[in-house]
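Asks: Mind having a look at this structure? Questions to follow.
Since every read-out is calculated from the coordinates, none of them should be taken as a lab result. A quick note: this is a predicted structure, and the numbers were derived from the prediction, not measured. Backbone-built Cβ (ideal geometry, glycine too); neighbour counts: all protein chains shown.
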Amino acid sequence: DFYFPETTDEETGETIPSRKLSDSDLKKVKKAMDKIVSKNYPITREEISRDEARKRIEAINEPFKLEILDSIKTEPITIYHIGEEWWDLCAGPHVESTGNLPKKAIQLQSVAGAYWRGDEKREMLQRIYATAWKDPTQL
């Protein structure tokens, strides 16, 4: 498994490690993803108030997520949980569980740099480009 100090992707809000990834890391990342799929974690939606979302995000010290929260104009705020281990801001919808994701229909393609919110004056983050389909034959 992986542990790195974390940052957040500007578009998806996904947590990404702060150390530089390379294309050679993609096999390890995919293996970790496949493990999550195999555990068949339930994916559940929760609606919360803006204040509650702010409290939860501050509790985990995620300043990028606070910016995302501030940009959301609608209420209630929706978050999705993957089992008890992880949650994130998201409009959804999603599959019912990680086990519904076909491992062979997910392909990690490359790693690239991206400035937070597309602003070159902001932090440089990393993004993993990937594609996912209902069926491996669609890859």
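Asks: Tally up the residues in the stretch 68-80 that are surrounded by fewer than 16 Cβ atoms within 10 Å (Cβ to Cβ) and out of contact with any helix residue (DSSP H, G or I) (no Cβ under 7 Å at 6 or more places or on another chain), please.
Replies: Count: 6.
Asks: Kindly indicate which of 79, 57 is in a strand (DSSP E or B) and within 17 Å of the chain's Cα centre (by Cα). Break it down into steps so the answer makes sense when it comes.
Replies: Details: 57 fails: in a strand (DSSP E or B).
On inspection, the qualifying residue turns out to be 79.
Asks: Quick one: residue 84 ticks every box in (1) surrounded by fewer than 17 Cβ atoms within 10 Å (Cβ to Cβ); (2) touching a Phe, Trp or Tyr at 6+ places or on another chain (Cβ under 7 Å) bar one, so which box is it?
Replies: Of (1) surrounded by fewer than 17 Cβ atoms within 10 Å (Cβ to Cβ); (2) touching a Phe, Trp or Tyr at 6+ places or on another chain (Cβ under 7 Å), only one is false for residue 84: (2).
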